[in-house]
Amino acid sequence: GFFADNHDIISLKLYQLTVERTPEEEKRDREVFLPVVDNLRLPGMEAPLEPMSGLALFLIVFFSLVALVFAIVIGIILYNKWQEQSRKHFY
């Protein structure tokens, strides 16, 4: 049978082993390459979030309340129209 799995390689983490070198080897190999992954986020390495300013917090709360009131008004209007429609049925 053809039982095969497809796998995608998302990222690789490669490191060079550190070895003891003679001074001649150090002179010859001056550059040491360290592995770098631009989008890697390690646990505990998150940058602390800056607290919101008072104006930003006020605007978020204000517009949230406006949106809530708007949704409640639309809900009341739709409920009244639904009740009006349900009263018009003649049996």
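Taking each residue of segment 55-79 that is in a helix (DSSP H, G or I) and looking for partners that are open to solvent by less than 90 Å² (accessible area, probe 1.4 Å) and hydroxyl-bearing (Ser, Thr, Tyr) with beta-carbon atoms closer than 8 Å, six or more apart or interchain, yields nothing. None of Glu84, Glu50, Glu24 is at pLDDT 80 or above, of a type in the set (Asp, Glu) and more than 22 Å from the chain's Cα centre (by Cα) except Glu84.
The values are calculated or read from the model by the stated rules, or taken from the named source; none is laboratory data. Note that the coordinates shown come from a computational prediction; the quantities given were computed from them, not determined experimentally. Counting neighbours? That spans all protein chains shown, and the Cβs are built from the backbone with ideal geometry, glycine included. Keep in mind that these areas ignore ligands, DNA and RNA; they rest on the heavy atoms of the full protein, side chains included. Shrake-Rupley method; radii C 1.70, N 1.55, O 1.52, S 1.80 Å.
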